[in-house]
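Single-structure report; data block below.
The values are calculated or read from the model by the stated rules, or taken from the named source; none is laboratory data. As the structure is a prediction and not an experimental result, all values here were calculated from the model. We place every Cβ from the backbone using ideal geometry, glycine too, and count neighbours over all the protein chains shown. Just so you know, the surface numbers come from the protein's heavy atoms only, side chains and all, with ligands and any DNA or RNA stripped out. Shrake-Rupley method; radii C 1.70, N 1.55, O 1.52, S 1.80 Å.
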Amino acid sequence: MRARYGVPLGIAAAGAAGLLYAAGFEARSFRLRRVTVPVLPPGMRPLRVLQVSDIHMVGGQRKKQRWLRSLAGLRPDFVINTGDNLSDPEGVPEVLDALGPLMEFPGAYVFGSNDYYGPKLRNPARYLLEKAQGRHGLNGNAPAEGVVHNPWEDLRDGFDAAGWLNLTNSRGELKLEGASVELTGLDDPHIKRDRYAQVAGGPSEAADFSMGVVHAPYLRTLDAFTADAYPLILAGHTHGGQLCIPFYGALVTNCDLDTDRVKGLSRHRAEGNTSYLHVSAGCGTNRYTPVRFACPPEATLLTLVGRDEDPRR
């Protein structure tokens with residue numbers, strides 16, 4: 001019996017152990033990454049930016065809520081929320097409660113597709129198929145049918161009431177101590193809601209620093225921000241690949257960004273300009289695939305420093 005069934009049973013046991021780890025431990029192993037980005041004009045004081053993304057809140061996720069509330073202890077200069085806060089139409093109160101301490105700080109937000117629509121159960125292998133076929137979201141796929149509409153208006157109203165800037169295809173400015181930061185945002189490209197023509201033109205000369213914000217890092221949006229000479233772009237959406245292979249990395253990004261830049265800091269080039277791009281792996285998962293492997297949930301504290309402090313220059 002051991003000769004005939006030992007190997008299959010061993011593989012099944014290893015798979016079960018991996019699934020238990022991915023769902024029971026790593027998906028709730030929240031952590032903070034710290035990144036230094038040399039993008040500020042020389043002489044400008046450093047800025048500490050907390051990026052939270054892809055919370056995908058489901059009712060009862062108490063550990064995630066406690067961890068998000070604890071991030072206020074970092075005392076950032078401002079907060080950027082890059083969308084997909086919901087994975088449950090009843091989750092708005094818990095999102096607002098978890099982010100309440102952070103909403104005491106200046107901040108801004110864009111929405112992702114899961115803020116507007118509830119997730120649907122789907123075979124994870126479809127992500128690989130869509131990657132092979134060059135189809136992502138509504139970009140090449142048929143429009144979604146029978147989807148749940150999330151109460152995004154309630155989420156918007158809560159953020160707005162706290163004074164966070166709504167960057168839905170719009171610009172905004174944060175007045176910080178000794179600095180003005182211009183933020184230019186887009187609605188989610190994953191569902192074709194981005195309208196770059198409404199915000200085109202590049203950074204304002206009146207601002208001390210300008211940056212771009214978008215949920216899904218589709219190349220058309222990165223190209224547009226970079227061509228307009230924004231020094232920094234923040235995005236989320238990818239979940240860092242969510243299910244990664246150790247020592248190899250992500251298999252998919254769920255958009256047309258390459259897997260080498262699925263999370264973390266990189267550079268993007270377009271029309272002779274170069275921007276820094278930071279993609280957050282986010283801190284949640286789709287409610288139907290509540291697993292992570294070799295890609296723990298995260299938030300990121302970015303310290304922006306002067307361009308003259310770039311060690312690669």
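Structural remarks
- First in the stretch 84-95 and hydroxyl-bearing (Ser, Thr, Tyr), second anywhere and assigned to a loop (DSSP other than H, G, I, E, B), Cβ under 8 Å, 6 or more apart: SER87/HIS56; SER87/VAL58; SER87/GLY118; SER87/PRO119; SER87/GLY284; SER87/THR285; SER87/ASN286; SER87/ARG287
- Which listed residue, of ARG4, ARG48, ARG28, ARG66, is touching a helix residue (DSSP H, G or I) at 6+ places or on another chain (Cβ under 9 Å) and at pLDDT below 95: ARG28
- Candidates are the residues of the stretch 93-115 that are open to solvent by 10 Å² or more (accessible area, probe 1.4 Å) and part of a helix (DSSP H, G or I); the one that is farthest from HIS190 (Cα to Cα) is GLU104.
- Qualifying residue in the stretch 295-311 (condition: open to solvent by 10 Å² or more (accessible area, probe 1.4 Å), under 30 Å from ASP208 (Cβ atoms) and basic (Lys, Arg)): yes
- Just one of the numbered conditions (1) at negative phi; (2) touching a residue at least 12 places away in the same chain (Cβ under 8 Å); (3) not aromatic (Phe, Trp, Tyr) is not true of ASP258: (2).
- Sole exception among (1) open to solvent by 10 Å² or more (accessible area, probe 1.4 Å); (2) modelled with pLDDT of 95 or more for GLY178, by number: (2)
- Here is the figure for the stretch 217-235: residues that are open to solvent by 10 Å² or more (accessible area, probe 1.4 Å), under 12 Å from ALA270 (Cβ atoms) and outside any helix (DSSP H, G or I) total 2.
- Of all residues making up the stretch 248-280, the number that are part of a loop (DSSP other than H, G, I, E, B) and over 19 Å from THR221 (Cβ atoms): 3
- Taking the criterion of being in contact with a strand residue (DSSP E or B) (Cβ under 9 Å, 6 or more places away or on another chain), among the small types (Gly, Ala, Ser) and within 19 Å of VAL79 (Cβ to Cβ), the residues of the stretch 171-206 that qualify are GLY172, ALA179, SER180, GLY185.
- Residues in the stretch 189-216 that are assigned to a loop (DSSP other than H, G, I, E, B), surrounded by 17 or more Cβ atoms within 10 Å (Cβ to Cβ), in contact with a helix residue (DSSP H, G or I) (Cβ under 8 Å, 6 or more places away or on another chain) and not charged (D, E, K, R): VAL214, HIS215, ALA216.
- Meets criteria (open to solvent by less than 50 Å² (accessible area, probe 1.4 Å) and not small (Gly, Ala, Ser)) for THR274: no
- If the condition is being open to solvent by less than 30 Å² (accessible area, probe 1.4 Å), farther than 24 Å from PRO217 by Cβ and assigned to a helix (DSSP H, G or I), then the stretch 39-73 contributes GLN65, ALA72.
- The stretch 138-175: number of residues that are closer than 23 Å to GLY91 by Cα and either at pLDDT below 95 or not in a helix (DSSP H, G or I) (or both): 15
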